[in-house]
(Lines give C-alpha, C1' and ligand atoms only; values in the text may rest on other atoms or scores of the structure.)
Protein backbone atom coordinates (compact mmCIF):
# COMPACT_ATOMS: atom_id res chain seq x y z
CA UNK A 1 0.00 0.00 0.00
CA UNK A 2 1.32 3.42 -0.97
CA UNK A 3 2.11 5.70 1.94
CA UNK A 4 0.88 9.29 2.11
CA UNK A 5 3.57 11.85 1.35
CA UNK A 6 4.47 14.39 4.02
CA UNK A 7 6.71 17.32 3.07
CA UNK A 8 9.26 18.46 5.66
CA UNK A 9 10.92 21.89 5.35
CA UNK A 10 13.77 22.34 7.80
CA UNK A 11 16.93 24.38 8.11
CA UNK A 12 18.63 26.79 10.49
CA UNK A 13 16.93 29.64 12.30
CA UNK A 14 16.26 32.76 10.15
CA UNK A 15 16.68 30.80 6.89
CA UNK A 16 13.23 31.63 5.49
CA UNK A 17 11.35 28.38 6.23
CA UNK A 18 8.10 30.18 7.14
CA UNK A 19 7.85 32.25 3.95
CA UNK A 20 8.72 29.28 1.72
CA UNK A 21 6.26 26.92 3.42
CA UNK A 22 3.35 29.38 3.24
CA UNK A 23 3.87 29.99 -0.50
CA UNK A 24 4.20 26.23 -1.07
CA UNK A 25 1.01 25.54 0.92
CA UNK A 26 -0.90 28.03 -1.24
CA UNK A 27 0.35 26.24 -4.35
CA UNK A 28 -0.34 22.62 -3.37
CA UNK A 29 -3.43 22.89 -1.13
CA UNK A 30 -1.34 22.38 1.98
CA UNK A 31 -1.58 23.00 5.71
CA UNK A 32 1.37 23.52 8.02
CA UNK A 33 2.45 21.59 11.12
CA UNK A 34 4.98 23.60 13.14
CA UNK A 35 8.10 21.71 14.20
CA UNK A 36 9.59 24.27 16.57
CA UNK A 37 10.22 23.67 20.28
CA UNK A 38 9.59 27.35 21.15
CA UNK A 39 6.60 28.13 18.94
CA UNK A 40 4.51 25.52 20.79
CA UNK A 41 4.28 27.85 23.81
CA UNK A 42 1.54 30.38 24.53
CA UNK A 43 2.52 34.04 25.00
CA UNK A 44 6.00 33.49 23.54
CA UNK A 45 5.55 35.19 20.20
CA UNK A 46 8.35 37.62 19.42
CA UNK A 47 11.28 35.59 20.78
CA UNK A 48 9.97 32.41 19.15
CA UNK A 49 9.52 34.19 15.78
CA UNK A 50 5.97 32.89 15.45
CA UNK A 51 4.32 33.76 12.14
CA UNK A 52 1.62 36.40 12.58
CA UNK A 53 -1.92 35.89 11.25
CA UNK A 54 -1.06 38.28 8.45
CA UNK A 55 2.05 36.26 7.54
CA UNK A 56 0.04 33.01 7.57
CA UNK A 57 -2.09 34.38 4.69
CA UNK A 58 -5.04 32.19 5.60
CA UNK A 59 -3.01 28.95 5.67
CA UNK A 60 -3.96 26.83 8.69
CA UNK A 61 -1.05 26.21 11.11
CA UNK A 62 -1.02 23.47 13.75
CA UNK A 63 0.98 23.19 17.01
CA UNK A 64 1.57 26.89 17.52
CA UNK A 65 0.94 28.55 20.91
CA UNK A 66 -0.99 25.70 22.52
CA UNK A 67 1.22 24.71 25.50
CA UNK A 68 1.63 26.71 28.74
CA UNK A 69 5.22 27.96 29.19
CA UNK A 70 5.15 26.38 32.68
CA UNK A 71 4.55 22.89 31.27
CA UNK A 72 7.24 20.33 30.54
CA UNK A 73 6.70 19.21 26.96
CA UNK A 74 8.64 16.19 25.66
CA UNK A 75 9.62 14.92 22.22
CA UNK A 76 7.12 12.09 22.82
CA UNK A 77 4.38 14.73 23.36
CA UNK A 78 5.37 16.48 20.13
CA UNK A 79 5.40 13.28 18.08
CA UNK A 80 1.92 12.31 19.28
CA UNK A 81 0.50 15.80 18.59
CA UNK A 82 2.23 16.12 15.19
CA UNK A 83 1.02 12.70 14.01
CA UNK A 84 -2.52 13.66 15.01
CA UNK A 85 -2.27 16.93 13.03
CA UNK A 86 -0.81 15.17 9.96
CA UNK A 87 -3.65 12.61 10.01
CA UNK A 88 -6.25 15.40 10.28
CA UNK A 89 -4.76 17.25 7.29
CA UNK A 90 -4.68 14.10 5.13
CA UNK A 91 -8.29 13.25 6.08
CA UNK A 92 -9.30 16.72 4.85
CA UNK A 93 -7.76 15.89 1.46
CA UNK A 94 -4.95 18.40 1.93
CA UNK A 95 -1.16 18.06 1.92
CA UNK A 96 0.73 18.19 5.24
CA UNK A 97 3.87 20.34 5.38
CA UNK A 98 5.98 19.97 8.54
CA UNK A 99 8.05 23.12 9.07
CA UNK A 100 10.72 23.96 11.64
CA UNK A 101 14.24 23.76 12.90
CA UNK A 102 14.00 21.45 15.92
CA UNK A 103 16.04 18.45 14.81
CA UNK A 104 14.85 16.10 17.56
CA UNK A 105 11.20 16.74 16.65
CA UNK A 106 11.87 16.15 12.95
CA UNK A 107 13.82 12.93 13.61
CA UNK A 108 11.03 11.61 15.86
CA UNK A 109 8.75 11.72 12.80
CA UNK A 110 10.98 10.80 9.84
CA UNK A 111 12.66 7.90 11.67
CA UNK A 112 9.57 6.94 13.74
CA UNK A 113 11.62 7.18 16.94
CA UNK A 114 9.68 6.16 20.04
CA UNK A 115 10.91 8.29 22.91
CA UNK A 116 9.82 6.95 26.26
CA UNK A 117 7.71 9.53 28.06
CA UNK A 118 9.68 9.41 31.28
CA UNK A 119 7.99 10.69 34.41
CA UNK A 120 9.95 13.47 36.07
CA UNK A 121 11.65 12.49 39.33
CA UNK A 122 11.25 15.77 41.24
CA UNK A 123 13.86 14.81 43.87
CA UNK A 124 16.49 13.92 41.30
CA UNK A 125 15.76 17.10 39.30
CA UNK A 126 16.15 19.16 42.50
CA UNK A 127 19.50 17.46 43.19
CA UNK A 128 20.70 18.27 39.64
CA UNK A 129 19.57 21.91 39.95
CA UNK A 130 21.48 22.22 43.25
CA UNK A 131 24.57 20.76 41.59
CA UNK A 132 24.32 23.38 38.82
CA UNK A 133 24.17 26.12 41.46
CA UNK A 134 27.09 24.74 43.48
CA UNK A 135 29.47 23.44 40.79
CA UNK A 136 28.24 24.97 37.53
CA UNK A 137 26.57 23.46 34.47
CA UNK A 138 29.93 22.33 33.06
CA UNK A 139 30.19 19.63 35.76
CA UNK A 140 26.85 18.10 34.70
CA UNK A 141 27.83 18.43 31.03
CA UNK A 142 30.95 16.33 31.73
CA UNK A 143 28.90 13.82 33.74
CA UNK A 144 26.40 13.48 30.87
CA UNK A 145 29.31 13.10 28.43
CA UNK A 146 30.63 10.12 30.39
CA UNK A 147 27.17 8.51 30.37
CA UNK A 148 26.21 9.20 26.73
CA UNK A 149 29.01 10.76 24.66
CA UNK A 150 27.08 10.35 21.37
CA UNK A 151 24.04 12.29 22.60
CA UNK A 152 26.22 15.01 24.11
CA UNK A 153 27.98 15.57 20.75
CA UNK A 154 24.78 17.27 19.59
CA UNK A 155 24.19 19.34 22.74
CA UNK A 156 25.69 22.73 23.54
CA UNK A 157 27.54 22.98 26.90
CA UNK A 158 25.11 25.81 27.78
CA UNK A 159 21.91 23.89 26.93
CA UNK A 160 20.85 23.10 30.49
CA UNK A 161 17.47 21.61 29.58
CA UNK A 162 18.91 18.95 27.26
CA UNK A 163 21.92 18.17 29.45
CA UNK A 164 19.60 17.45 32.40
CA UNK A 165 17.40 15.35 30.10
CA UNK A 166 20.31 13.02 29.21
CA UNK A 167 20.98 12.49 32.93
CA UNK A 168 17.29 12.05 33.80
CA UNK A 169 16.72 9.45 31.06
CA UNK A 170 19.65 7.38 32.30
CA UNK A 171 18.58 7.79 35.94
CA UNK A 172 14.99 6.70 35.19
CA UNK A 173 15.64 3.81 32.79
CA UNK A 174 19.24 2.63 33.23
CA UNK A 175 19.63 3.08 29.46
CA UNK A 176 21.22 5.98 27.65
CA UNK A 177 19.23 8.25 25.35
CA UNK A 178 21.29 6.91 22.40
CA UNK A 179 20.52 3.25 23.28
CA UNK A 180 16.82 4.08 23.45
CA UNK A 181 16.90 5.79 20.06
CA UNK A 182 18.62 2.80 18.42
CA UNK A 183 16.01 0.42 19.85
CA UNK A 184 13.12 2.66 18.89
CA UNK A 185 14.08 3.03 15.21
CA UNK A 186 13.01 -0.56 14.47
CA UNK A 187 9.40 0.50 13.89
CA UNK A 188 8.22 1.02 10.31
CA UNK A 189 7.78 4.68 9.31
CA UNK A 190 4.09 5.52 8.80
CA UNK A 191 4.40 8.22 6.11
CA UNK A 192 6.60 8.88 3.10
CA UNK A 193 8.52 11.90 4.41
CA UNK A 194 10.15 14.11 1.76
CA UNK A 195 12.72 16.26 3.56
CA UNK A 196 13.99 19.59 2.21
CA UNK A 197 16.43 21.91 3.95
CA UNK A 198 17.28 25.55 3.24
CA UNK A 199 20.93 26.43 2.94
CA UNK A 200 22.61 29.87 2.97
CA UNK A 201 26.12 31.14 2.61
CA UNK A 202 27.31 31.20 6.27
CA UNK A 203 28.04 34.94 6.40
CA UNK A 204 24.69 35.85 4.80
CA UNK A 205 22.86 33.59 7.26
CA UNK A 206 24.64 35.27 10.18
CA UNK A 207 23.63 38.70 8.82
CA UNK A 208 20.00 37.52 8.69
CA UNK A 209 20.24 36.24 12.28
CA UNK A 210 21.71 39.52 13.57
CA UNK A 211 19.00 41.51 11.78
CA UNK A 212 16.25 39.24 13.13
CA UNK A 213 17.49 39.72 16.72
CA UNK A 214 17.46 43.53 16.25
CA UNK A 215 13.89 43.34 14.91
CA UNK A 216 12.78 41.25 17.93
CA UNK A 217 13.89 44.04 20.27
CA UNK A 218 12.19 46.66 18.10
CA UNK A 219 8.99 44.59 18.33
CA UNK A 220 9.19 44.52 22.15
CA UNK A 221 10.93 41.30 23.26
CA UNK A 222 11.85 42.76 26.68
CA UNK A 223 8.20 43.73 27.32
CA UNK A 224 7.08 40.25 26.22
CA UNK A 225 9.40 38.59 28.74
CA UNK A 226 8.24 40.91 31.56
CA UNK A 227 4.59 40.06 30.80
CA UNK A 228 5.29 36.31 30.89
CA UNK A 229 7.17 36.59 34.20
CA UNK A 230 4.28 38.57 35.68
CA UNK A 231 1.58 36.22 34.36
CA UNK A 232 2.90 32.87 35.62
CA UNK A 233 3.27 31.99 39.28
CA UNK A 234 6.35 29.83 38.87
CA UNK A 235 9.33 30.46 36.59
CA UNK A 236 8.28 29.07 33.21
CA UNK A 237 10.28 26.08 31.92
CA UNK A 238 10.21 27.64 28.46
CA UNK A 239 12.15 30.66 29.73
CA UNK A 240 15.29 28.53 29.47
CA UNK A 241 14.94 28.91 25.69
CA UNK A 242 17.40 30.87 23.57
CA UNK A 243 16.62 34.59 23.53
CA UNK A 244 14.43 34.40 26.62
CA UNK A 245 17.00 33.30 29.21
CA UNK A 246 19.33 36.14 28.14
CA UNK A 247 16.55 38.72 28.60
CA UNK A 248 15.82 37.27 32.06
CA UNK A 249 19.53 37.59 32.92
CA UNK A 250 19.46 41.21 31.69
CA UNK A 251 16.41 41.95 33.89
CA UNK A 252 18.31 40.40 36.82
CA UNK A 253 21.24 42.75 36.19
CA UNK A 254 23.67 40.12 34.87
CA UNK A 255 24.11 41.84 31.48
CA UNK A 256 23.82 45.37 30.15
CA UNK A 257 21.33 45.74 27.29
CA UNK A 258 24.13 45.81 24.70
CA UNK A 259 25.78 42.71 26.21
CA UNK A 260 22.43 40.87 26.21
CA UNK A 261 21.76 41.66 22.53
CA UNK A 262 25.27 40.57 21.49
CA UNK A 263 24.95 37.40 23.60
CA UNK A 264 21.66 36.46 21.88
CA UNK A 265 23.16 37.09 18.44
CA UNK A 266 26.22 34.98 19.24
CA UNK A 267 24.24 32.09 20.78
CA UNK A 268 21.75 32.14 17.87
CA UNK A 269 24.59 31.94 15.34
CA UNK A 270 26.02 28.99 17.27
CA UNK A 271 22.62 27.35 17.36
CA UNK A 272 22.24 27.77 13.58
CA UNK A 273 25.62 26.10 13.09
CA UNK A 274 24.51 23.12 15.21
CA UNK A 275 21.22 22.91 13.29
CA UNK A 276 23.08 22.71 9.98
CA UNK A 277 25.33 19.94 11.34
CA UNK A 278 22.25 18.07 12.57
CA UNK A 279 20.33 18.27 9.28
CA UNK A 280 23.38 17.31 7.21
CA UNK A 281 23.48 13.91 8.88
CA UNK A 282 19.99 13.10 7.52
CA UNK A 283 20.97 11.40 4.26
CA UNK A 284 17.51 11.70 2.71
CA UNK A 285 17.54 15.51 2.88
CA UNK A 286 17.33 17.47 -0.39
CA UNK A 287 19.19 20.77 0.05
CA UNK A 288 17.74 23.97 -1.42
CA UNK A 289 19.79 27.08 -2.10
CA UNK A 290 17.79 29.79 -0.29
CA UNK A 291 19.35 32.47 -2.48
CA UNK A 292 17.64 30.97 -5.55
CA UNK A 293 14.38 32.45 -4.21
CA UNK A 294 11.04 31.05 -3.06
CA UNK A 295 9.46 30.36 -6.47
CA UNK A 296 12.49 28.48 -7.77
CA UNK A 297 12.62 26.33 -4.63
CA UNK A 298 8.89 25.59 -4.85
CA UNK A 299 9.48 24.30 -8.39
CA UNK A 300 12.28 22.04 -7.13
CA UNK A 301 10.09 20.70 -4.30
CA UNK A 302 7.14 19.97 -6.60
CA UNK A 303 9.39 18.31 -9.19
CA UNK A 304 11.01 16.18 -6.47
CA UNK A 305 7.57 14.99 -5.38
CA UNK A 306 6.88 13.83 -8.93
CA UNK A 307 3.68 15.86 -9.15
CA UNK A 308 4.52 17.86 -12.24
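The values are calculated or read from the model by the stated rules, or taken from the named source; none is laboratory data. Keep in mind that this is a model prediction, so the values were computed, not measured. With ideal geometry, Cβ positions are generated from the backbone for all residues, glycine too; neighbour counts draw on all protein chains shown.
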Would you confirm whether any residue within segment 147-158 is in contact (Cβ under 8 Å) with a residue 60 or more places away in the chain and either in contact with a helix residue (DSSP H, G or I) (Cβ under 6 Å, 6 or more places away or on another chain) or in a helix (DSSP H, G or I) (or both)?
-> no
Looking at 166, 189, 247, which one is touching a residue at least 24 places away in the same chain (Cβ under 8 Å) and touching a helix residue (DSSP H, G or I) at 6+ places or on another chain (Cβ under 6 Å)?
-> 247
State which residue is nearest to the chain's Cα centre (by Cα) when the search covers only segment 175-227 and only residues that are at pLDDT 95 or above and assigned to a loop (DSSP other than H, G, I, E, B).
-> 200
Could you identify the single residue in 188, 203 that is surrounded by fewer than 14 Cβ atoms within 10 Å (Cβ to Cβ) and under 18 Å from residue 267 (Cα atoms)?
-> 203
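For every residue, the table says whether it meets (1) over 22 Å from the mean Cα position of the chain (by Cα); (2) within 21 Å of residue 9 (Cβ to Cβ); (3) crowded, with 20+ Cβ neighbours inside 10 Å; (4) in the same structural domain as residue 10 (by TED's automatic domain parsing).
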position	(1), (2), (3), (4)
92	yes, yes, no, yes
130	yes, no, no, no
133	yes, no, no, no
142	yes, no, no, no
149	no, no, no, no
So which of 282, 230, 297 is in a loop (DSSP other than H, G, I, E, B) and either over 26 Å from residue 7 (Cβ atoms) or in contact (Cβ under 8 Å) with a residue 12 or more places away in the chain (or both)?
-> 282
So, in segment 233-252, of the ones that are assigned to a helix (DSSP H, G or I) and closer than 17 Å to residue 270 by Cα, which residue ends up farthest from the chain's Cα centre (by Cα)?
-> 246
If we ask which residues in segment 1-24 are in contact with a strand residue (DSSP E or B) (Cβ under 8 Å, 6 or more places away or on another chain) and within 24 Å of residue 208 (Cα to Cα), their number turns out to be 13
Which numbered condition trips up residue 112, out of (1) in contact (Cβ under 8 Å) with a residue 40 or more places away in the chain; (2) at negative phi?
-> (2)
Say whether the condition of being touching a helix residue (DSSP H, G or I) at 6+ places or on another chain (Cβ under 9 Å), part of a loop (DSSP other than H, G, I, E, B) and in contact (Cβ under 8 Å) with a residue 12 or more places away in the chain is met by at least one residue in segment 130-144.
-> no
Residue 106 vs. criteria assigned to a helix (DSSP H, G or I), over 23 Å from the mean Cα position of the chain (by Cα) and assigned by TED's automatic domain parsing to the domain that holds residue 242 = no
Quick one: in segment 52-64, of everything that is in a loop (DSSP other than H, G, I, E, B) and touching a strand residue (DSSP E or B) at 6+ places or on another chain (Cβ under 7 Å), which residue is surrounded by the fewest Cβ atoms within 10 Å (Cβ to Cβ)?
-> 60
How many residues, within segment 159-174, are part of a loop (DSSP other than H, G, I, E, B) and surrounded by 14 or more Cβ atoms within 10 Å (Cβ to Cβ)?
-> 1
